[in-house]
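Colleague: My structure is below; once you've seen it, I'll send some questions.
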Amino acid sequence: MIALVLARRSMQKSAMRKTFRPRRSVLYVPASNAKALAKIASLDADAVIFDLEDAVAPQAKDDAREALRNYFRANPASKAERIIRINALASEWGAEDLLAARACKPDAILLPKVETPQDVTGVTEILEETDASENIRLWAMIETPRGILNADEIAELGLRSTGRLDCFVVGTNDIAKETGVSTDGNRAYLVPWLMQIVLCAKAGKLDVIDGVYNDFADAAGFTLECDQGSRMGFDGKTLIHPAQIGAANHAFSPDKAALAAARSIIEAFSLPENADKGAIALNGKMIERLHLANAEKMMAKAQMTGDKA
Ligand code: COA
Ligand code: MG
């Protein structure tokens, strides 16, 4: 009986496991900018966030929504994952944005300034009640002091088999605005909050995308911040300009040495003499089966993004 219950639970868990999508480079495109919209097809970003919120002036909201509808009508499919950022439901534009976003059938809708689990479940309920496709997922911006403090509870929604929450996006500009924290000096004062958000996201089995780097002409500074984000455990970085895509794709892909190490771990555990071992020695280091799982995950990701050892 116990075995049966455990087997059922494990099946439920694996059904919950989401399919991997590379999210190394996540480019914001203001829905009000026709030239930028036209440029998307030629870009190599893993994901695009069509923005109706911060990047669109209040007087341009209606036109931006219309431009978005036209864009999705003209471009029903895309290689990049497509996300629409709407204004907060409580704002004067929120309801119309949600309606328009739902009709566009994007991969996900990004909710700004999420502060409580109810900010997400409220939208989930509307999507369920209006029979929106299961394929429309939700992403949440963590970008306010309250949102950071509640990130743990919000991320728990990622563990619900019926939930739609897939990803956190950090809004560093809003965090700086709300708190007065400096983002200078390698983000020294911001890093503790960022690490907290990463930890919460991982506990909820969510992906988590780092904030933007505003100075898009500073390629060297951008590369440093990408490397920092990658080492902190972020899955990718949000971008504001096409010039940032290549460096982000590079920084959030495993390098050749890491891929070679992963391959040798997989090979070592596949040897008949190691079949029943939990830990082995490889090149003078202890390797456990948890390293094997990580190595397999890395190789699977590399296969999807075309990275080779
Ligand atoms: N997405 C797609 N294309 C973009 C783009 C973006 N985010 N930013 C710039 N481009 C395009 C431009 O349209 C231009 O296209 P072209 O080659 O056809 O002329 C090309 O890339 C070069 O752009 P550039 O002239 O260097 O920049 P710009 O002055 O046109 O735009 C910004 C600068 C900052 C206004 C613009 O990059 C932008 O709006 N970024 C996103 C801002 C945003 O969404 N903020 C909210 C989240 S923080
Ligand atoms: Mg914002």
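The values are calculated or read from the model by the stated rules, or taken from the named source; none is laboratory data. Everything numeric in this text was worked out from a predicted model, so none of it was measured. Virtual Cβ from ideal backbone geometry, glycine too; neighbours counted across all protein chains shown. Accessible surface is based on the protein model in full, side chains and every heavy atom, while ligands, DNA and RNA are left aside. Shrake-Rupley method; radii C 1.70, N 1.55, O 1.52, S 1.80 Å.
Colleague: Filter the stretch 38-58 down to the residues that are surrounded by fewer than 18 Cβ atoms within 10 Å (Cβ to Cβ) and of a type outside the set (A, V, I, L, M, F, W, C), then identify the one that is nearest to ligand 2 (Cβ to nearest atom).
Modeller: Among those that are surrounded by fewer than 18 Cβ atoms within 10 Å (Cβ to Cβ) and of a type outside the set (A, V, I, L, M, F, W, C), it is Asp54.
Colleague: Cβ-Cβ under 8 Å, sequence separation 6+ or interchain: first residue in the stretch 35-52 and without any contact (Cβ under 8 Å) to a residue 12 or more places away in the chain, partner near ligand 1 (Cβ under 7 Å from one of its atoms). Which pairs?
Modeller: Listed pairs, sorted by first residue: Ala36/Val29; Ala36/Pro30.
Colleague: Now, a different point. Would you check which residues across the stretch 122-143 are within 16 Å of ligand 2 (Cβ to nearest atom) and under 11 Å from Ile109 (Cα atoms) and list them?
Modeller: Hits for the stretch 122-143 are Trp139, Ala140, Met141.
Colleague: State all residues of the stretch 59-77 that are more than 14 Å from ligand 1 (Cβ to nearest atom), open to solvent by 20 Å² or more (accessible area, probe 1.4 Å) and assigned to a helix (DSSP H, G or I); if no residue qualifies, say none.
Modeller: Residues satisfying the conditions are Gln59, Asp62, Asp63, Glu66, Arg69, Asn70, Arg73, Ala74.
Colleague: If a residue has to be open to solvent by less than 20 Å² (accessible area, probe 1.4 Å) and of a type in the set (Gly, Ala, Ser) to count, how many in the stretch 119-161 make the cut?
Modeller: Matching residues across the stretch 119-161 total 6.
Colleague: Within the set of pairs 6 or more residues apart or between chains, which connect a residue that is touching a residue at least 12 places away in the same chain (Cβ under 8 Å) and under 20 Å from Asp207 (Cβ atoms) inside the stretch 280-309 to a residue that is in a helix (DSSP H, G or I) and among the polar types (S, T, N, Q) with Cβ atoms less than 8 Å apart?
Modeller: Cβ pairs passing all conditions: Thr305/Asn249.
Colleague: Please work out which one of (1) over 27 Å from Leu127 (Cβ atoms); (2) part of a loop (DSSP other than H, G, I, E, B) is the condition Lys177 fails and give its number.
Modeller: (2)
Colleague: Could you check Leu27 against (1) more than 10 Å from ligand 1 (Cβ to nearest atom); (2) outside any loop (DSSP other than H, G, I, E, B) and say which number it fails?
Modeller: Condition not satisfied by Leu27: (1).
Colleague: Still on this model: Return the residues of the stretch 87-118 that are farther than 26 Å from Asp46 by Cα, surrounded by 14 or more Cβ atoms within 10 Å (Cβ to Cβ) and touching a residue at least 24 places away in the same chain (Cβ under 8 Å); say none if nothing qualifies.
Modeller: Result: Leu89, Trp93, Glu96, Glu115, Pro117.
Colleague: Can you tell me which residue within the stretch 41-56, out of those that are assigned to a loop (DSSP other than H, G, I, E, B) and over 20 Å from Leu98 (Cβ atoms), is nearest to the chain's Cα centre (by Cα)?
Modeller: Among residues in the stretch 41-56 that are assigned to a loop (DSSP other than H, G, I, E, B) and over 20 Å from Leu98 (Cβ atoms), the one nearest to the chain's Cα centre (by Cα) is Asp46.
Colleague: Yes or no: the stretch 162-185 includes at least one residue that is of a type in the set (Asp, Glu), more than 19 Å from the chain's Cα centre (by Cα) and either within 16 Å of ligand 2 (Cβ to nearest atom) or surrounded by 14 or more Cβ atoms within 10 Å (Cβ to Cβ) (or both).
Modeller: Yes, that holds for at least one residue.
Colleague: Pick out the one residue from Lys35, Lys61, Lys79 that is among the basic types (Lys, Arg) and within 16 Å of ligand 2 (Cβ to nearest atom).
Modeller: So the residue among Lys35, Lys61, Lys79 that is among the basic types (Lys, Arg) and within 16 Å of ligand 2 (Cβ to nearest atom) is Lys61.
Colleague: Could you check Ala203 against (1) open to solvent by less than 50 Å² (accessible area, probe 1.4 Å); (2) away from ligand 1 (no atom under 16 Å from the Cβ); (3) in the same structural domain as Phe168 (by TED's automatic domain parsing) and say which number it fails?
Modeller: Result: Ala203 fails condition (1) only.
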